[in-house]
Each structure stands twice: as C-alpha cells, then as structure tokens.
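Participant: Take this structure, written in structure tokens, and hold onto it; I'll ask about it next.
The values are calculated or read from the model by the stated rules, or taken from the named source; none is laboratory data. Computed from a predicted model, the values in this text were never measured in an experiment. Note: ideal-geometry Cβ built from the backbone for every residue, glycine included; neighbour counts use all protein chains shown. Remember, those area values only see protein heavy atoms, side chains included, never the ligands or the DNA or RNA. Shrake-Rupley method; radii C 1.70, N 1.55, O 1.52, S 1.80 Å.
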Amino acid sequence: MPVKKSISVTSKLAAPAKVGFVSLGCPKNLVDSEVMMGMLAQAGAELTPNAEDADVIVVNTCSFIGTAQQESIDTILEMARHKTGGMAKRLVVAGCLVERFHDAIRKNIPEVDAVVGTGELERILAAAGVEEAPRAPGPFNILGSNTLTSRPEGDHRREQGRFARDSWDGAVADLPNYLYDDHTPRVLTTPRSSAYIKIAEGCDHPCTFCIIPQLRGQFRSRRFESVVAEAERLAQSGVREITLIGQDTTCYGEDLGLKDGLALLLEKLAALEGLQWIRFLYAYPNKITGRLLETVAAHDNICSYIDVPLQHASATVLKRMKRGGGADLFLRSIEKMRRVIPDVTLRSSFIVGFPGETEKEFDELCGFVKEAAFDWMGAFSYSDQEGAGAFDHDGKLSTREIESRRKSLMSIQKKISRAKKKSLIGREFDLLLEGASTESDLLLEGRTSMHAPEIDGRVFVNDYPDGNEPKEGEFYRCRITAAHDYDVVAEIV
Ligand code: SF4
C-alpha cells in the first residue's frame, strides 16, 4: 500500500551549510533542482559543485525507465560514500524515484536522511537541515487552490485510475501537485545566456508505456503572467535563449481556459526585449495547431524548430500505445510543418520493441523514418515499467531483439543526418558560442537555432577572424565548413 510522504530530520545544521547537488534525468528535473537550489540559497545555504566539500548532498533522481532508475540508485550509493567516509553529514534523495520507491529507499539505503518527492520541493529546506528564511508565498502554486484548475480530460482519466499508484508498493500516497512560479527563487545551472522555463507540469495522456502521469500528477499549467514575468526577468538578467518545457507543452493553458495557449504565450514572449531564441520542446502530435505553426513562422526570435516525439509510426502499435495516429497522418502533418515554417528543423523520438511489435510494424516505422527525414531523431528501447498499461501486454520482445531493432533504426537516421548536415556546408547561421569544446582544446563549441540545448548535435568552431576571439554566451555569424554524421564544423565570419 502507498504510504504518506514524510521527511525525517533529526537536527539542523549550523548555517551556512554547504550543499552539493546531483541532478539526473531530463531538463524538467533540472528545473526542479534549480528551484530547490534557489530555496536553499535564499535560506542562506552555500552551494558547492564539489561533493567532497558538501555538508549536505542532494541527489535529484529520475525514474523514467529501468536504466534511469539504476543510474539514480548508483548515484545515491556513490554519494553515500561521502557520508560514510567523507565530509558529508546529510544525504537527501529527491525526485521521481522517491515518488515511486519512497519506502524502499528509506529501508534499503540507511545513509539517506530524508526524501523529497516531486510535489514537495519546498520541503527541501527541512530535508537538508537548513533554517528556513521568511519568504513571500507565491500565490498560485498549488493545484487545488482557488487559482489553478485541471483539464476535464485529466479529471476523467483520474476517475478511470490513470494516476493510481495502488499497485506500487511503498510509493508516496499523494499525487504531486506543486508548480513553481515567478516568485520562487531559482539558481540557473545552464550557461548564462540560456535558460529553461517549465510552463506546465504533469500529463493527462494515456500512453501505455509511460508512468510519468503517476510520477508527476495531473497536467497543470503555470499562470500565463507568471511565465511572462519569469521570462522578462531572465531576459533582463542577460538570458538570450529560452526553452519552454513541460511533459506536454502543446496542452499549455487548456486548464486555464485558453485556446491556443502555447501560441499566445510564444507571441507574448517574442515581444519581450532581449530574447533572441525562444523554442518549446515536447509537442504532442495532434496538439500542433495551424495557429501554433503560423506563430512560429511569423517571429524571427521564435526558433523554426519543432520537437514532436511520435513514439511510433505503425497505426496498430500506436493504438496499443493509446496514442493514435499513424504514418500517413504524421507525414501529412510534417508536410504542413515544412510548408508553413520554411526551413523548419524537425526532431522526433521513437520507442522500438513495444510489446507485440511485429517485423512488419517495425518495417513500417523504418519506412516512415526514411520518408520523414527528420533533422534529429532519437530511438529508445522499450522498457517494461510496473504500473504502465503495457506492463501486462503479451508479446514482449527479447532485450537482444529490441536492441538490434534500435540499432537498425538509428543506422537509417545516421545516413539521413549525414546527408542533411552535408547540405549545410557553405551556409551561414547565427551561432551562440558556448565555450571551449569538450572534444579538443583547439576547438570552441556552440549551437545554431537548429540545435536545442543538450540534445542535438554540436557545432565545432575551428576558426575566427584574427584578434576577435569569440566570447562565451555571445552570438556570432558563422559559416558551416565541414560535416560529420551529426556534428558540423564552422568558422566565425
Ligand atoms: S504524452 Fe505520453 S509519453 Fe509523454 S509524458 Fe504523457 S503519458 Fe508519458
């Protein structure tokens, strides 16, 4: 049976405590880490990038698939060593793994002093043993308050048990319903010119491979004005690129009664002073409206970039995934995106080896990927998740078969990507310089508007005009001079 969430703290640390953070998983989790760091810093804690120096170590975990859970557990155990044989006095585990395995973490890893679920970020202060400084409460941060509502679709799914965790032994009992706002302190960990903004949390979709709705709760949007105020403040502090995220950004505003909420939000953000690149990630296929595409096309500072995880292309697999759609429909929608937004960069991701995926269905997916010719594409191996609808499906494929299919899909994309990157040679783009390359001391690295932070290929910069050494965080005009499978080489002109 699920248990009530609890954080046990036996004593407070003498301030200022030094707190080290390890953030795992996706950018949505990173924003949660940044919010917790903001709260800690506001309460007087000192943040340190070195686990060796930290009095308190916080591991913000991911629980999306089996490998992510394992990485989370390995990281907790690694950090626990700083407590048993190092400086650390307290170890805190936060994030998705807590929602799922609250009891097991407390029981099996005795070094863990406190756990913080995704819906209780404000409790990080107590969990870390840091004295709480008085803070003006953000007025609109809890679903269920008078100011936030849910979508009828989500309420319906809730009644049908989509968010139930009863089958999970030792999970946190209450669904998370937290949302940060523009009053919430936040410490940015991204390069100074770039920031994520989480515009919504949770998800109401019924995808049968996914437990995110059970981990993150019902879909809920941040207030429109709160997002705009945060973006404005970020722009004033020197941020030039904003990436809007959420489990599904294209549902933004539906619970607030907004039609085309994301398009309206983008229009408003595009009018703010100082933002050079605005983009959104994680679009849901049938939620991409004509108005949204036209809004992207109409503004120079909204990146011509659409990230739409399609998950599969075979209509029968998509039906079993409870997502709908199929290759023909998707191809028509891609054609529309390319027509409305000239030179649009398209990213998608797929799951291979879903239960019962026949060779014919997999071939359909391969054929679709060839035809769609995405600029960027990711392929993930299906991972069985207890609590997900597909957990009870028949026809599970072997790990070996799944991996072999994943590799063949990626090899198709590799050829597409190579040809696409080659076609960029000689063309000029704006480039945001990110600093020295991790590949070689002789290279710099940056991104164009075709590259979303962290997920897409890289632009290596190997030349710039004499005496004009480019600076990190600044924009430059560059020309592509060479191409690899996913990365390109450029010179600053
Ligand atoms: S849209 Fe589907 S895959 Fe994405 S978070 Fe929601 S349920 Fe999961």
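Participant: Kindly indicate whether T75 is among the hydroxyl-bearing types (S, T, Y), at pLDDT below 90 and within 29 Å of S381 (Cβ to Cβ).
Facilitator: Values: among the hydroxyl-bearing types (S, T, Y): yes; at pLDDT below 90: no; within 29 Å of S381 (Cβ to Cβ): yes.
Against the criterion (among the hydroxyl-bearing types (S, T, Y), at pLDDT below 90 and within 29 Å of S381 (Cβ to Cβ)), T75 does not qualify.
Participant: Please tell me if T184 is away from the ligand (no atom under 16 Å from the Cβ), more than 14 Å from the chain's Cα centre (by Cα) and farther than 30 Å from K396 by Cβ.
Facilitator: Working: away from the ligand (no atom under 16 Å from the Cβ): yes; more than 14 Å from the chain's Cα centre (by Cα): yes; farther than 30 Å from K396 by Cβ: yes.
Taking the combined requirement at face value, the residue satisfies it.
Participant: Within the stretch 205-236, work out how many residues are under 21 Å from A263 (Cβ atoms) and within 16 Å of the ligand (Cβ to nearest atom).
Facilitator: Selection size over the stretch 205-236: 4.
Participant: A further question follows. Which of the residues spanning the stretch 377-397 are without any contact (Cβ under 8 Å) to a residue 40 or more places away in the chain and of a type outside the set (A, V, I, L, M)?
Facilitator: Correct list: S381, F391, D392, D394.
To keep it simple, each residue is scored yes or no on (1) assigned to a helix (DSSP H, G or I); (2) in contact with a strand residue (DSSP E or B) (Cβ under 9 Å, 6 or more places away or on another chain); (3) surrounded by 18 or more Cβ atoms within 10 Å (Cβ to Cβ).
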position: V227; (1), (2), (3): yes, yes, yes
position: L262; (1), (2), (3): yes, yes, yes
position: E273; (1), (2), (3): no, no, no
position: R279; (1), (2), (3): no, yes, yes
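Participant: A follow-up question, please. Looking at the stretch 48-72, which of its residues are more than 27 Å from F380 (Cβ to Cβ) and surrounded by fewer than 16 Cβ atoms within 10 Å (Cβ to Cβ)?
Facilitator: P49, N50, E52, D53
Participant: Turning to a different aspect of this structure: Quick one: count up the residues across the stretch 284-310 that are more than 16 Å from the ligand (Cβ to nearest atom), open to solvent by less than 10 Å² (accessible area, probe 1.4 Å) and either closer than 29 Å to I351 by Cβ or of a type in the set (A, V, I, L, M) (or both).
Facilitator: Qualifying residue count for the region: 6.
Participant: Ok, one more. What are the residue pairs meeting all of these: first residue in the stretch 455-478, first residue farther than 8 Å from I492 by Cα, second residue among the aromatic types (F, W, Y) and surrounded by 15 or more Cβ atoms within 10 Å (Cβ to Cβ), Cβ atoms under 6 Å, and 6 or more apart or on different chains?
Facilitator: Between residues of the stretch 455-478 that are farther than 8 Å from I492 by Cα and residues that are among the aromatic types (F, W, Y) and surrounded by 15 or more Cβ atoms within 10 Å (Cβ to Cβ), the close pairs are D456/W376; G457/Y486; P470/Y464; P470/Y476.
Participant: Return the residues of the stretch 429-475 that are assigned to a loop (DSSP other than H, G, I, E, B) and polar (S, T, N, Q); say none if nothing qualifies.
Facilitator: So the first thing to find is which residues in the stretch 429-475 are assigned to a loop (DSSP other than H, G, I, E, B), and the list is 437-443, 448-458, 464-474.
Within the stretch 429-475, S437, T438, S440, T448, S449, N468 qualify.
Participant: Can you name the residue in the stretch 311-324 that is over 28 Å from S449 (Cβ atoms) and small (G, A, S) and, of all such residues, is nearest to the ligand (Cβ to nearest atom)?
Facilitator: Top of the filtered list is G324.
Participant: If only one of R405, R400, R418 is open to solvent by 10 Å² or more (accessible area, probe 1.4 Å), part of a helix (DSSP H, G or I) and without any contact (Cβ under 8 Å) to a residue 24 or more places away in the chain, which one is it?
Facilitator: Numbers: R405 fails: without any contact (Cβ under 8 Å) to a residue 24 or more places away in the chain; R418 fails: without any contact (Cβ under 8 Å) to a residue 24 or more places away in the chain.
Going through R405, R400, R418 in turn, the sole match is R400.
Participant: Here are the criteria: (1) within 16 Å of the ligand (Cβ to nearest atom); (2) touching a helix residue (DSSP H, G or I) at 6+ places or on another chain (Cβ under 6 Å); (3) among the small types (G, A, S). Tell me which single one A327 does not satisfy.
Facilitator: For A327, the failing item is (1).
Participant: For L175, all conditions in the list (1) part of a loop (DSSP other than H, G, I, E, B); (2) within 16 Å of the ligand (Cβ to nearest atom); (3) over 27 Å from A94 (Cβ atoms) hold save one; what is the number of the exception?
Facilitator: For L175, the failing item is (3).
Participant: Same structure again: Could you tell me how many of the residues in the stretch 311-321 are open to solvent by 10 Å² or more (accessible area, probe 1.4 Å) and more than 18 Å from A283 (Cβ to Cβ)?
Facilitator: Result for the stretch 311-321: 4.
Participant: Hey, could you check the stretch 83-98 for residues that are in a loop (DSSP other than H, G, I, E, B) and more than 29 Å from A173 (Cα to Cα) and say which is least open to solvent (accessible area, probe 1.4 Å)? Can you show your working first?
Facilitator: Here is the first cut: in the stretch 83-98, the ones in a loop (DSSP other than H, G, I, E, B) are 85-89.
From the residues that got through so far, the ones that are more than 29 Å from A173 (Cα to Cα) too are 85-88.
Details: G85: 73, G86: 45, M87: 105, A88: 9 Å².
In this case the residue turns out to be A88.
Participant: Here are some conditions: (1) of a type outside the set (A, V, I, L, M); (2) assigned to a loop (DSSP other than H, G, I, E, B); (3) crowded, with 18+ Cβ neighbours inside 10 Å. G154 meets all but one. Which one does it not meet?
Facilitator: (2)
Participant: Here's a follow-up. Looking at (1) touching a residue at least 40 places away in the same chain (Cβ under 8 Å); (2) open to solvent by 10 Å² or more (accessible area, probe 1.4 Å); (3) in contact with a Gly (Cβ under 8 Å, 6 or more places away or on another chain), find the lone condition where L432 falls short.
Facilitator: Unmet condition: (2).
Participant: From G170, G202, which residue is within 16 Å of the ligand (Cβ to nearest atom) and open to solvent by less than 30 Å² (accessible area, probe 1.4 Å)?
Facilitator: After applying the criteria, what remains is G202.
Participant: Continuing with this model, one more query. Of the residues that sit in the stretch 330-351 and are among the hydrophobic types (A, V, I, L, M, F, W, C) and within 16 Å of the ligand (Cβ to nearest atom), which one is farthest from the chain's Cα centre (by Cα)?
Facilitator: If we take residues in the stretch 330-351 being among the hydrophobic types (A, V, I, L, M, F, W, C) and within 16 Å of the ligand (Cβ to nearest atom), then F330 is farthest from the chain's Cα centre (by Cα).
Participant: While we're here: Those residues that are within 14 Å of the ligand (Cβ to nearest atom) and either out of contact with any Gly (no Cβ under 9 Å at 6 or more places or on another chain) or open to solvent by 10 Å² or more (accessible area, probe 1.4 Å) (or both), I need them from the stretch 237-247; list them, please. It would help to see each step written out before you state the result.
Facilitator: We begin by selecting, within the stretch 237-247, every residue within 14 Å of the ligand (Cβ to nearest atom); these are 245-247.
Answer for the stretch 237-247, where residues must be within 14 Å of the ligand (Cβ to nearest atom) and either out of contact with any Gly (no Cβ under 9 Å at 6 or more places or on another chain) or open to solvent by 10 Å² or more (accessible area, probe 1.4 Å) (or both): I245, Q247.
Participant: Here is a list of conditions, (1) open to solvent by less than 30 Å² (accessible area, probe 1.4 Å); (2) in a helix (DSSP H, G or I); (3) not basic (K, R), and T190 meets all of them except one; can you say which number that is?
Facilitator: Here T190 clears every test but (2).
Participant: Let me spell it out: the conditions are (1) closer than 19 Å to C62 by Cβ; (2) more than 16 Å from the ligand (Cβ to nearest atom); (3) basic (K, R), and K259 meets all of them except one. Which number is the exception?
Facilitator: Result: K259 passes all but (1).
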